[in-house]
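Colleague: I am attaching a structure below and will ask some questions about it afterwards.
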Amino acid sequence: MRIGIVCYPTFGGSGVVATELGMALADKGHEVHFVTYNQPVRLDFISHQLHFHEVLMEEYPLFQYQPYELALSTKLVEVVTKHKLEILHVHYAIPHAYAAYMAKMMLKEKGIDIKVVTTLHGTDITLVGSHPSYKTAVEFSINNSDVVTAVSNSLKQDTLRLFNIANEIQVVYNFIDTEKYDREQQAECQRIAVAEPHERILTHISNFRPVKRIEDVVKIFHKVQMETPSKLLMVGEGPEKRKAELLVRKLGISEKVIFLGNSHEIEKLLCYTDVFLLPSESESFGLAALEAMAANTAVISTNTGGLPEVNVHGVTGYLSNLGDVDDMAKNALAILKDDETLMRFKKNAKEHTKQFSLENILPVYEDIYSSVLEKAI
Ligand code: GMT
């Protein structure tokens, strides 16, 4: 099949899922075209099966905000026509589903029937999408997509609750290439670079936005390190990073917290992580937690959104109420208390990720594409 993928090219989970999906589809022989404003960060190769088309913006003094949707839909018309694409799979509704709908209408005038698959990822529904400034357009784009998928049951329910949805929403869980983490596990793991052998390692990876509750990460770790020798790795960049750095300093734990910035090789950091911390205010799925689990890491998270569909309480880690840092610290300590318990949680976490493997999820998307194309005949 010839598939166009639209996504944010950044470190965010929706862009990561879209990029991994595109690369896996290309591996299976499909022709994949990424259309976005930068080369996606996880797109590590281009081939005759895998292409990237940059959306270029034209500056004009009248524009206070550049009309990205306009440039994107124009580019989509160009790429679909030139490369005879059959499907546009757009990740994150805002503004991608809207731009894809406009492209679809423009292509219709040329006698081209392009199918639009929209995957909802999270804040495009829960935080931003339902804001009055966007809600009508987001609802319209969802209802006018040929297929709509959501990355968890929780996100599907949120979408049905927040919008007036006439379209069916299919749940297709996020996935990971479990082998990638296996390979890294076997490679030399540089644990000694960050911690002493007797220390536990806790890690948080995100884009440091307010929804991630970065200060809770620091507060949980502060309590944990009082009871057990440990280090905290803070991986990522974002608006809340400064606050976290200040809190770390205020609590006097600067020696034990390592801020690493964005990383292209999270497998290499996760391979020596014992516990992953994700105390988010809302999380439609929690891809970062799944990646951690695939690398044999137990997860301490909140019980919000789709997190209970990924992290199993008492098995792969623990779930706590939002903001309950005491409970999250207590749970982390329960996992870290002895090697045997820690190993059991780590093993369970790894085992649980099998159902989210690339081999299981990729055919689901391929079936979705085939069925929507069959409908056109
Ligand atoms: O919705 C967002 O905040 C952005 C998005 C992203 O691009 O990082 O994250 C969402 O999509 C991920 C991939 O499907 C999910 O794993 C994240 O849970 C989800 N984030 C939130 O719901 C906050």
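Colleague: When D338 is evaluated against the numbered criteria (1) modelled with pLDDT under 95; (2) acidic (D, E); (3) not assigned by TED's automatic domain parsing to the domain that holds T302, which criterion, by number, is the only one it fails?
Modeller: Here D338 clears every test but (3).
Colleague: Let me ask something additional. For region 24-38, give me each residue that is part of a loop (DSSP other than H, G, I, E, B) and within 16 Å of the ligand (Cβ to nearest atom).
Modeller: Y37, N38, listed by residue number.
Colleague: Go through region 356-377 and count every residue that is polar (S, T, N, Q), in contact with a helix residue (DSSP H, G or I) (Cβ under 9 Å, 6 or more places away or on another chain) and in a helix (DSSP H, G or I).
Modeller: Counting residues in region 356-377 that are polar (S, T, N, Q), in contact with a helix residue (DSSP H, G or I) (Cβ under 9 Å, 6 or more places away or on another chain) and in a helix (DSSP H, G or I) gives 1.
Colleague: While we're looking at this one, here's another question. Give the residue, chosen from L43, L21, that is within 14 Å of the ligand (Cβ to nearest atom) and either more than 26 Å from T123 (Cβ to Cβ) or not in a strand (DSSP E or B) (or both).
Modeller: Being within 14 Å of the ligand (Cβ to nearest atom) and either more than 26 Å from T123 (Cβ to Cβ) or not in a strand (DSSP E or B) (or both) holds for just one of L43, L21, which is L21.
Colleague: Also: Kindly establish whether T159 is under 17 Å from T297 (Cα atoms) and either modelled with pLDDT of 95 or more or not aliphatic (A, V, I, L, M) (or both).
Modeller: Against the criterion (under 17 Å from T297 (Cα atoms) and either modelled with pLDDT of 95 or more or not aliphatic (A, V, I, L, M) (or both)), T159 does not qualify.
Colleague: Same structure again: Restricting the search to region 137-163, which residues are within 13 Å of the ligand (Cβ to nearest atom) and buried (at least 24 other Cβ atoms within 10 Å of the Cβ)?
Modeller: V138, A150, V151, S152, L155, T159
Colleague: For region 95-122, give me each residue that is out of contact with any Leu (no Cβ under 8 Å at 6 or more places or on another chain), β-branched (V, I, T) and crowded, with 20+ Cβ neighbours inside 10 Å.
Modeller: T118, T119
Colleague: Please indicate, with yes or no, whether at least one residue in region 183-199 is within 16 Å of the ligand (Cβ to nearest atom), surrounded by fewer than 23 Cβ atoms within 10 Å (Cβ to Cβ) and assigned by TED's automatic domain parsing to the domain that holds A349.
Modeller: Within region 183-199 (the criterion being within 16 Å of the ligand (Cβ to nearest atom), surrounded by fewer than 23 Cβ atoms within 10 Å (Cβ to Cβ) and assigned by TED's automatic domain parsing to the domain that holds A349), the answer is no, since none of the residues qualifies.
The values are calculated or read from the model by the stated rules, or taken from the named source; none is laboratory data. Just so we're clear, the structure is a prediction, and the values are computed from it rather than from any experiment. Quick reminder, even Gly has a Cβ in these numbers, built from the backbone with ideal geometry, and neighbours come from all protein chains shown.
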